[in-house]
Each structure stands twice: as C-alpha cells, then as structure tokens.
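**Student:** Pasting a structure here, questions to come.
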Amino acid sequence: MKRLIFATNNRHKLSEAEAILGVGLVTPTDLGIVEDIPETAETLEGNALQKARYVYDIRGLTAHSGVPTFADDTGLEVAALGGAPGVYSARYAGVGCSYDDNCRLLLRNLEGVADRRARFRTVVALILDGNEYLFEGTVEGKIIGEYRGEGGFGYDPIFVPDGFRETFAQMSAEQKNAISHRGRAMANLAEFLKTKNL
Ligand code: IMP
C-alpha cells in the first residue's frame, strides 16, 4: 500500500483520521518538519491547500517527494454573524486566545440574537500525483446560550447539532465523529481514495 501523509501535528485529528481511513498515516513530525506550517489564506479551502502544498513540496528533493498528502481546515459559521468566525475560528478572540475566550466572545456577540443557526464546515485538500482535490463535510446546528458538557474541544460546549439535544461536548468521541463535519469530510476523502485503490 502507498503511504499517505496527513499535514497535521494534532494527535487527536490524526487518530480520528486513521480510524476513518483504516490506515496508519505519516505526519510532518515523522518527516522532520518541525516548524509551524503556514495557514494564512482567507478561506478554509485556501488554508487546507496551503498546508497540503507546503508538506507535499517542502521535501521535494527527498524520498518523500510525490507521496500523497492531505490537510484539513475547519471553521464555525454562524448565520447571524454573516458566517463569522469562519476561517478565523481558532483566533476569534485574538491571537493566542483560549477555547474559552472564543466561546465567551461568541456568546456575547449573540446576546439577544434569536437566530442561533450555525454550522461547522471542514475542508480537506488532497494532493495526489500532483493533482489537487477538495472534500467537504458540514454539520448544521445551533449555538445555545450557556456551556454544557466537558468533552471535546473548541466550541463543542455551546454547539448542539440538529436532531440532537446534547452539545458536542456531551457526546462520546464516537458519537461526535459519526456525525461531525470532520468525520464527514474524512469519510468523503476515504471514499475517493478507495476509487484510486489507495
Ligand atoms: P482547525 O482548522 O481544525 O484547527 O479548527 C480551527 C478552530 O475551529 C479550532 O481552533 C476550534 O476552535 C474550532 N473547531 C474545529 N473543529 C472543531 C470541533 O470539532 N469542535 C469544536 N470546535 C472546533
């Protein structure tokens, strides 16, 4: 089987992707890439492509050249805020802010707002034989008014997916992965890789 690189150093994402794809993945750290991978684009698609290209290209003169590489980027898009925080989800409350800072700011910005609709959107960019492919996964839901649950990360304690009463933070990892934006995007990637016998 051909090797596959996932351009992330997030161990949580790595194990989730390995479970969905059913293969062991190579990470930037495994390749000796220790610097932060730039993500300075203004869209999720742009950032996912930027990260995948960086890792696919950076070792272009080594044995890793041409190994299929993918990367992901996720944003929370809130309808009443015109799609914010979107691509800025990680640093909504400022560079270096915590998950809690971001959630608090979002709840403050939605105070008195009746329309609570929001969705998580993940874009996965794959580079295979020099060609670029994009996959998407979304989950629709709403932002509630207070924190509920201890699990997950990021905006999980204030996000309730449609069709459920619990927040993502109140679900087990398996429950969340089965319906999550990232889980769906990875499943779409997995489907595609199967058609390429990868
Ligand atoms: P990333 O592109 O996966 O690093 O995600 C960017 C930001 O979106 C994270 O820093 C989190 O704030 C938020 N985020 C991404 N995925 C999730 C999730 O599954 N639950 C809650 N927040 C998330």
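The values are calculated or read from the model by the stated rules, or taken from the named source; none is laboratory data. Because the structure is predicted, anything quoted here is derived from the model rather than measured. Please note: Cβ atoms are built from the backbone with ideal geometry, for glycine as well, and neighbour counts cover all protein chains shown.
**Student:** Mind checking which residues of the stretch 18-30 are more than 21 Å from Ala187 (Cα to Cα) and in a loop (DSSP other than H, G, I, E, B)?
**Tutor:** The one that is more than 21 Å from Ala187 (Cα to Cα) and in a loop (DSSP other than H, G, I, E, B): Pro28.
**Student:** Listed residues Ala185, Ala173; which is at pLDDT below 95 and either among the hydrophobic types (A, V, I, L, M, F, W, C) or within 16 Å of Thr122 (Cα to Cα) (or both)?
**Tutor:** None of the others qualify; the one that does is Ala173.
**Student:** Next question. Hey, among the residues in the stretch 119-138 that are surrounded by 22 or more Cβ atoms within 10 Å (Cβ to Cβ) and among the β-branched types (Val, Ile, Thr), which one's nearest to the ligand (Cβ to nearest atom)?
**Tutor:** Only one residue fits best here, namely Thr122.
**Student:** Scan Gly163, Gly149 and give me the residue that is out of contact with any Lys or Arg (no Cβ under 7 Å at 6 or more places or on another chain), small (Gly, Ala, Ser), modelled with pLDDT of 95 or more and within 16 Å of the ligand (Cβ to nearest atom).
**Tutor:** Among Gly163, Gly149, only Gly149 is out of contact with any Lys or Arg (no Cβ under 7 Å at 6 or more places or on another chain), small (Gly, Ala, Ser), modelled with pLDDT of 95 or more and within 16 Å of the ligand (Cβ to nearest atom).
**Student:** Considering only residues that are surrounded by 15 or more Cβ atoms within 10 Å (Cβ to Cβ) and near the ligand (Cβ under 10 Å from one of its atoms), which ones fall in the stretch 77-92?
**Tutor:** Pro85, Gly86, Val87, Ser89, Ala90, Tyr92
**Student:** Here's something else I'd like to know. When the residues of the stretch 136-153 are filtered to those that are more than 13 Å from the chain's Cα centre (by Cα) and assigned to a strand (DSSP E or B), which remaining residue is farthest from Ala190 (Cα to Cα)?
**Tutor:** Among residues in the stretch 136-153 that are more than 13 Å from the chain's Cα centre (by Cα) and assigned to a strand (DSSP E or B), the one farthest from Ala190 (Cα to Cα) is Ile143.
**Student:** Of the numbered conditions (1) away from the ligand (no atom under 13 Å from the Cβ); (2) assigned to a loop (DSSP other than H, G, I, E, B); (3) surrounded by fewer than 16 Cβ atoms within 10 Å (Cβ to Cβ); (4) of a type outside the set (S, T, N, Q), Ile33 fails exactly one; give the number of that condition.
**Tutor:** Among (1) away from the ligand (no atom under 13 Å from the Cβ); (2) assigned to a loop (DSSP other than H, G, I, E, B); (3) surrounded by fewer than 16 Cβ atoms within 10 Å (Cβ to Cβ); (4) of a type outside the set (S, T, N, Q), Ile33 violates only (3).
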